[in-house]
Amino acid sequence: MADELTTPAENTWCPGCGNFGILNAFKKAIPKLEQHGIDRKHLVISAGIGCHGKIFDYVPLSGLYSLHGRSMATVQGIKLGNPDLKVLTFAGDGDAFGEGISHMIFAAKRNADITVIVHNNGTYALTTGQFSPTSGKGFKGPSLPSGNVEEPLNPLSLMLEAGASFVARGYAGRIDHLADLIVEAVLHEGFSYIDVLQPSVVFNNTYKEYNALVEIIEKPAGRLEDAVQLAKRFDRLPIGVLYKVSKPVYHKELYGKWNPAVNRLMHEERKRRIATYLSERLQK
Amino acid sequence: MAGGLQGCKTFFINGGYGIKPMNDDVFTYLIGGKAGQGTKKAGIVAANFFSALKRNVFQMNDYPSLIRGGHNFSLVSTATRKIYSQYMKADLAVLLDQRSYTIHRDHLTENGVLVYDSTAVKQGQGIGLPIASLAKNYADPDLIVGVTGIAVLAAVVGADRAKLDTLIQKEYRRSAEDNLKFAHEIYDEAEKKITQRFELREGKETHPILAGAETIGLGASAAGLDLYFAYPMTPSTPILHFLAAQAKQLGVVTVQPENEIAVANMAIGAAFTGARSMVGTSGGGFCLMQEAFSLAGMVEALVVFFLGQRPGPSTGVPTYSEQGELLFSLYPGQGEFPRIVASPGSIEEAFYVAAELLDLAWRFQTPAILLSEKHLTESSMNVDLDIEKIRAAAPDMHTSGIYQRYRQTETGVSPLLFPPSDAMIKWNSYEHDEQGYTSEEADVIARMHVKRRTKQESLIRYLREKVQTVNEYGTGDPCVFTFGSTTMSVREAVLHAGLSCTVVQPIYLQPFPSWNLMKYVGRKAVVVEQNCTGQLEQLLREKTGITPISSIRQFNGRPFNPVDLAEQLRKVIG
């Protein structure tokens, strides 16, 4: 449906793809964020490479369409450059937990003030359905026709253990609920991770399974251990905020109230300071 | 040299006084010992001592990749004229352990003085002082020996005890009292035993002694550096350390991410906000950055990459020097886009080149590489920096109308805009249209290729018209082509031997400044470089047709010794 948040880019996702749910939830989140005082021009996005990444072209926000697995590093750089910006990146499960897993763990570890939304469809869809880091054992794809021989990663418990200060799970089939999660994640100061259960209609159609298993939780777990327990449940799939804690954020720990892009020293001031440094060196 | 007094005066205590027959007044001090014995510090103190005499210095530190033990040495050469290299033979060598003694006992000039630790070395030639056994009476015997070098130097150059005290109080502030007491013991022992002294003539002016890592950091800062990203890797690490230490003073933020891939991608993200960003790495780390380098080319990000060379391939020899990555540096990253590569020919020039590359990256919105070596980044010399020469381009900013990140312009350079902005700013790693949306349309792909090629042409035009891309020193044939830190070795060799030749140093290597080099075609040419396969020679031949009659290459990880290099050059010159 065309609205003011529609771009001229042609949408090329498969009809019925879970990505539509995520796009629509994000579009609903934008005006809600504005109600919270985060205007559109301060909201900057990034994306990795894969089906999910096309979302970059489908919303008219500023941002940097990054490489496969690197968008978490990209948005950390954007945040470090200008901490007034609210940065958010979309990533696929291959992006976040295959190619870019180190960036995910370190972003969580240092509590970088960024939001990462992983479109977790358990497959490399754009490259025609190979198994991914979150594919279940036995998942069949063209690179392993007899079935995946590896156990899947659990992104939620991994992020919790790595130190993420906000961990949530959403479902592409529950758009309003996901929109609220996105708002809460962006508002949270610190590393916010949202794992989105995303059916791939062609390669991993999980609508039926997810519709039966998801269960909204109203309140985050109070203790990390309980959140990890929630993340490891498979009889039901809890969606909502699993864990949320307030911790010092990376850029403030690094340089306090400084803003490199805004407070940058002017040329004359730089020259003066370098001259001072050189004369001090000479006296030493 | 006629007149004699141009040279060092040498006193023979038990044989009257004579003038050392040197054709120059270079004096070289060598201190060797185990890692942890403070040889590098002793080198720095010696350099400061010479500098206080208004003499020029060049200091090189040689150390293996370890923290304690091993064999470290520092060489400091000083002259009243400008000096561009360390000399490998010392006028005074202070050797603190057996290994140093074994390695360096013959590294002496004709009248050179050798002082060694007689506790560690049995039956040595030269002057043995019981350094380690004297040190045993102090709280930290391993650390205290570091001051030996300066005490011996003071005795050998005839500095009195008061001068020595001032120096130690200034330079060895930690446990100064112990250091003073120990230095006196060494000084007195040395006074008794040395048979020869050197008088160092005062020079005319003095400038601060800086390492290449410092001049690079300062130059980048002068041109507007806001953020420096790096993962530790020799020999780029000293830049990270310098900028981290001076962060507040210079208004620079330093960031150490999880790996080089994060380094490069974060820097590109930071550039997106209008913060001037630079990364530092060495060959292995730069390999990991290839994909991001190409991303910078595609999104037209303005990032400078410092590439510090050490002997490769692979992990190679981490703490030594080589120029084996020249050809590698010319075409990093997949795909076609403008790249800029420049390599400074001296520690001083590194200041200007670092600043200029930041400026060029911002003018042309494309990644630039500052190519250097361990020898330049970690060696020190006196530098006279003119801050007024630094240009810092105000980037070409969007002013009015609909904003398009990749707008077509005559120069291929699209105006910039940074967030937060009412206009949408999309940088895109996919091929994109003017607005920044992904595109697979045939005409868009071709159009954007032409845009990037146009930018390359504008860059070349700018370099031709506005930038000094080649240095030339001296006159006459042959033309000695060289680049990077080897330029310092060549210039020192020429000075040392009084050779007549033209030293030609391309500062810019990509785009290659053929327009400034074609005039040398047909002249007798020699190429001097620090690699095995002759990469500068290949590049020269390919781009200009210049074919040298001789190549001088050294590829043992060590920078050239100017004396040996002069010898080789003389053979060619005939």
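Tell me which helices (runs of 4 or more DSSP H) are completely within the range A:12-84 and hold 3 or more residues being surrounded by fewer than 18 Cβ atoms within 10 Å (Cβ to Cβ), or say none if there are none.
Here the list reads A:18-35.
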Criterion first (more than 8 Å from chain B (Cβ to nearest Cβ), touching a residue at least 12 places away in the same chain (Cβ under 8 Å), under 24 Å from B:Val255 (Cα atoms) and touching a helix residue (DSSP H, G or I) at 6+ places or on another chain (Cβ under 7 Å)) does A:Ala47 satisfy it?
yes
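Let's see how each residue does on (1) crowded, with 22+ Cβ neighbours inside 10 Å; (2) on the phi > 0 side of the Ramachandran plot; (3) part of a helix (DSSP H, G or I):
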| site | (1), (2), (3) |
| --- | --- |
| B:Leu509 | yes, no, no |
| B:Trp515 | no, no, yes |
| B:Met518 | no, no, yes |
| B:Gly557 | no, yes, no |
| B:Val563 | no, no, yes |
A careful count of residues in the range A:191-231 that are part of a helix (DSSP H, G or I) and farther than 19 Å from A:Val118 by Cβ gives 7
Please go through the range B:233-286 and pick out each residue that is facing chain A (nearest Cβ under 7 Å), β-branched (Val, Ile, Thr) and out of contact with any Gly (no Cβ under 7 Å at 6 or more places or on another chain).
B:Val253, B:Val255, B:Ile261
State all residues of the range B:102-146 that are surrounded by 14 or more Cβ atoms within 10 Å (Cβ to Cβ) and in a strand (DSSP E or B); if no residue qualifies, say none.
B:Leu108, B:Thr109, B:Asn111, B:Gly112, B:Val113, B:Leu114, B:Val115, B:Tyr116, B:Asp117, B:Ile127, B:Gly128, B:Leu129
Going residue by residue through the range A:244-252, is there one that turns out to be surrounded by fewer than 19 Cβ atoms within 10 Å (Cβ to Cβ) and within 14 Å of another protein chain (Cβ to nearest Cβ)?
yes
Got at least one residue in the range A:232-240 being crowded, with 24+ Cβ neighbours inside 10 Å and modelled with pLDDT of 95 or more?
yes
Cβ contacts < 7 Å: first residue within 16 Å of B:Ser175 (Cα to Cα), restricted to the range B:127-140; second residue surrounded by fewer than 20 Cβ atoms within 10 Å (Cβ to Cβ), any location; separation 6+ or different chain. Result?
B:Ala135/B:Pro141; B:Tyr138/B:Asp178; B:Ala139/B:Asp178
With B:Glu457, B:Glu492, B:Glu440, B:Glu434 as the choices, which residue is modelled with pLDDT of 95 or more, buried (at least 22 other Cβ atoms within 10 Å of the Cβ) and not polar (S, T, N, Q)?
B:Glu492
Checking the condition without any contact (Cβ under 8 Å) to a residue 60 or more places away in the chain, aliphatic (A, V, I, L, M) and over 17 Å from A:Phe203 (Cβ atoms), which residue from A:Val183, A:Val149, A:Val167 passes?
A:Val149
Taking the range B:423-482 and keeping residues more than 14 Å from chain A (Cβ to nearest Cβ) and acidic (Asp, Glu) leaves B:Asp443, B:Glu457, B:Glu465, B:Glu472, B:Asp477
For the range A:255-284, name all the residues that are within 7 Å of chain B (Cβ to nearest Cβ) and outside any loop (DSSP other than H, G, I, E, B).
A:Tyr255, A:His267, A:Arg270, A:Lys271, A:Arg273, A:Ile274, A:Ala275, A:Tyr277, A:Leu278, A:Arg281, A:Leu282
Scanning the range B:193-218 residue by residue, those at the interface with chain A (Cβ under 9 Å from one of its Cβ atoms) and either in a helix (DSSP H, G or I) or surrounded by fewer than 24 Cβ atoms within 10 Å (Cβ to Cβ) (or both) turn out to be B:Thr206, B:His207, B:Pro208, B:Glu214, B:Leu218
Within the range B:396-417, which residues are crowded, with 16+ Cβ neighbours inside 10 Å and more than 21 Å from B:Tyr437 (Cα to Cα)?
B:Asp396, B:Thr411
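Restricting the search to the range A:101-157, which residues are part of a helix (DSSP H, G or I) and closer than 19 Å to A:Phe234 by Cα?
Correct list: A:Pro155, A:Leu156, A:Ser157.
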Selection over the range B:404-422 where residues are facing another protein chain (nearest Cβ under 10 Å) and of a type outside the set (A, V, I, L, M, F, W, C) yields a count of 5
Looking at (1) touching a strand residue (DSSP E or B) at 6+ places or on another chain (Cβ under 9 Å); (2) under 26 Å from B:His241 (Cα atoms); (3) surrounded by fewer than 21 Cβ atoms within 10 Å (Cβ to Cβ); (4) aliphatic (A, V, I, L, M), which is the one condition that is false for B:Leu376?
(3)
Residue check for A:Pro238: assigned to a strand (DSSP E or B) and either within 23 Å of the chain's Cα centre (by Cα) or touching a residue at least 60 places away in the same chain (Cβ under 8 Å) (or both)
yes
Test each condition in (1) more than 29 Å from B:Ile261 (Cα to Cα); (2) within 17 Å of the chain's Cα centre (by Cα) for A:Glu4 and report the one that comes out false.
(2)
Name the one entry in B:Lys41, B:Lys54, B:Lys82 that is within 14 Å of chain A (Cβ to nearest Cβ) and in a loop (DSSP other than H, G, I, E, B).
B:Lys54
Among what's in the range A:158-175 and is in a loop (DSSP other than H, G, I, E, B) and out of contact with any Phe, Trp or Tyr (no Cβ under 7 Å at 6 or more places or on another chain), pick the residue that is surrounded by the fewest Cβ atoms within 10 Å (Cβ to Cβ).
A:Gly163
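In this structure, does B:Asn61 turn out to be closer than 18 Å to B:Gly203 by Cα, in the same structural domain as B:Glu171 (by TED's automatic domain parsing) and either modelled with pLDDT of 95 or more or not acidic (Asp, Glu) (or both)? Working first, answer last.
Numbers: closer than 18 Å to B:Gly203 by Cα: no; in the same structural domain as B:Glu171 (by TED's automatic domain parsing): yes; either modelled with pLDDT of 95 or more or not acidic (Asp, Glu) (or both): yes.
Spelling it out, it is not the case that B:Asn61 is closer than 18 Å to B:Gly203 by Cα, in the same structural domain as B:Glu171 (by TED's automatic domain parsing) and either modelled with pLDDT of 95 or more or not acidic (Asp, Glu) (or both).
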Candidate set from the range A:241-279 (those that are closer than 21 Å to B:Pro420 by Cβ and β-branched (Val, Ile, Thr)); member that is nearest to the chain's Cα centre (by Cα)
A:Val249
For the range B:361-371, check the following and say yes or no: at least one residue is small (Gly, Ala, Ser) and surrounded by fewer than 24 Cβ atoms within 10 Å (Cβ to Cβ).
no
Among the residues of the range A:186-224, count how many are within 28 Å of A:Pro15 (Cα to Cα) and in contact (Cβ under 8 Å) with a residue 24 or more places away in the chain.
20
Can you name the condition, by its number, that A:Ile117 falls short on among (1) of a type outside the set (Lys, Arg); (2) within 14 Å of chain B (Cβ to nearest Cβ); (3) buried (at least 24 other Cβ atoms within 10 Å of the Cβ)?
(2)
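The values are calculated or read from the model by the stated rules, or taken from the named source; none is laboratory data. Note that this is a predicted model, so its numbers are computed, not measured. Methodologically, a virtual Cβ is constructed for each residue, glycine included, from the backbone with ideal geometry; neighbour enumeration extends over all protein chains shown.
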